[in-house]
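Undergrad: Sharing a structure with you now.
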Amino acid sequence: MPVLTLVRHGESQWNLENRFTGWVDVPLSEKGSAEAAAAGERLRHEGLKFDTAFTSDLKRAQDTLTLILQKLGQTGIPVEKNQALNERHYGELQGLNKAETAKKFGEEQVKIWRRSYDVAPPGGESLKDTAARTLPYFESKIMPELKKGRNVLVAAHGNSLRSIVMHLDKLTKEQVLELNLGTGIPLVYQFDAHLHILSKKALTA
């Protein structure tokens, strides 16, 4: 039965500095590299073997994937990189400190920008906008691999993965508000031959 594993990249340098990152190509922090390696260890402990992997155009996700595959001893599998899996674009908020932004615009407004489904920050993308590029890619590139019975690993970002989880779990716009994916925590879906979800679990420490 095919398995889909989703992993949000480990902590980035701007996660550490509490900044809005979006499409800015910042590296993993030291903690983020350790989180990625730990994710690989958990997947190895589960005995998972992957046939193919997908990641974004941003190095924090690519480096997370590399560290996971190194821990698994599976660095030879095909990897596809595409900006469809990039984090949502935060527009004018990119690079700004989140606490300072909350003081400037109000905590409630910033929460709406960060967590709502269809309200975009100035010059940026909403989760709905992100889903509009992520889900067609997911349906056209990733789902066919699962239909062939292959195990797929996706290392990407909080919001591109939130849109995929929203789709798979059939969450409402209200439910997705409360969905937050932790850095470096693999989320493993197992499907039957008809791609109905049999099980879902987060591999936490």
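Rule-based calculations on the coordinates, nothing more; no lab input. The model shown is predicted, which means the values in this text are computed figures rather than measured ones. Heads up, the Cβs are rebuilt from the backbone with ideal geometry, glycines too, and the neighbour counts pull from every protein chain shown.
Undergrad: Could you list, in sequence order, the residues of the range 37-58 that are of a type in the set (Gly, Ala, Ser) and either outside any helix (DSSP H, G or I) or over 21 Å from residue 78 (Cβ atoms) (or both)?
TA: 37, 38, 47, 53, 56
Undergrad: Looking at (1) closer than 25 Å to residue 1 by Cα; (2) of a type in the set (D, E, K, R); (3) in contact (Cβ under 8 Å) with a residue 24 or more places away in the chain; (4) assigned to a helix (DSSP H, G or I), can you tell me which one residue 139 breaks?
TA: For residue 139, the failing item is (3).
Undergrad: Looking only at residues that are among the hydrophobic types (A, V, I, L, M, F, W, C) and either more than 21 Å from residue 170 (Cβ to Cβ) or free of Cβ contacts under 8 Å to residues at least 60 places away in the same chain (or both) in the range 183-197, which one is surrounded by the fewest Cβ atoms within 10 Å (Cβ to Cβ)?
TA: For the range 183-197, the residue satisfying everything is 197.
Undergrad: Have a look at 133, 150 and point out the one that is part of a helix (DSSP H, G or I) and in contact (Cβ under 8 Å) with a residue 40 or more places away in the chain.
TA: Answer to the check: 133.
Undergrad: Of all residues in the range 42-64 being of a type in the set (Gly, Ala, Ser) and over 15 Å from residue 185 (Cβ atoms), which is surrounded by the fewest Cβ atoms within 10 Å (Cβ to Cβ)?
TA: The qualifying residue surrounded by the fewest Cβ atoms within 10 Å (Cβ to Cβ) is 47.
Undergrad: Can you pull out every residue in the range 161-177 that is surrounded by 13 or more Cβ atoms within 10 Å (Cβ to Cβ) and not in a helix (DSSP H, G or I)?
TA: The answer is 171, and nothing else.
Undergrad: Also, quick follow-up: Take the residues in the range 119-153 that are among the charged types (D, E, K, R) and under 13 Å from residue 89 (Cα atoms); name whichever of them is surrounded by the most Cβ atoms within 10 Å (Cβ to Cβ).
TA: Among those that are among the charged types (D, E, K, R) and under 13 Å from residue 89 (Cα atoms), it is 125.
Undergrad: Identify the single condition in (1) part of a loop (DSSP other than H, G, I, E, B); (2) surrounded by 19 or more Cβ atoms within 10 Å (Cβ to Cβ) that residue 180 does not satisfy, given that it satisfies every other one.
TA: (2)
Undergrad: Could you check the range 21-41 and list, in sequence order, the residues that are surrounded by 21 or more Cβ atoms within 10 Å (Cβ to Cβ) and closer than 18 Å to residue 182 by Cβ?
TA: 21, 28, 32, 35, 36, 39, 40
Undergrad: Still on this model: Of all residues in the range 149-205, which are touching a helix residue (DSSP H, G or I) at 6+ places or on another chain (Cβ under 6 Å), of a type in the set (A, V, I, L, M, F, W, C) and within 24 Å of residue 15 (Cβ to Cβ)?
TA: Those that are touching a helix residue (DSSP H, G or I) at 6+ places or on another chain (Cβ under 6 Å), of a type in the set (A, V, I, L, M, F, W, C) and within 24 Å of residue 15 (Cβ to Cβ): 155, 156, 164, 166, 176, 177, 179, 181, 203.
Undergrad: Also: Which count do you get for residues in the range 59-99 that are in contact with a His (Cβ under 7 Å, 6 or more places away or on another chain) and outside any helix (DSSP H, G or I)?
TA: 2
Undergrad: I would also like to ask the following. Would you check if residue 16 is hydrophobic (A, V, I, L, M, F, W, C) and either within 18 Å of residue 154 (Cα to Cα) or in contact with a Phe, Trp or Tyr (Cβ under 7 Å, 6 or more places away or on another chain) (or both)?
TA: The answer is no for residue 16.
Undergrad: Please specify each residue of the range 1-20 satisfying the condition of being polar (S, T, N, Q) and surrounded by fewer than 22 Cβ atoms within 10 Å (Cβ to Cβ).
TA: Those that are polar (S, T, N, Q) and surrounded by fewer than 22 Cβ atoms within 10 Å (Cβ to Cβ): 13, 15, 18.
Undergrad: Scan the range 1-30 for residues that are closer than 20 Å to residue 202 by Cα and within 17 Å of the chain's Cα centre (by Cα) and report the count.
TA: Count: 9.
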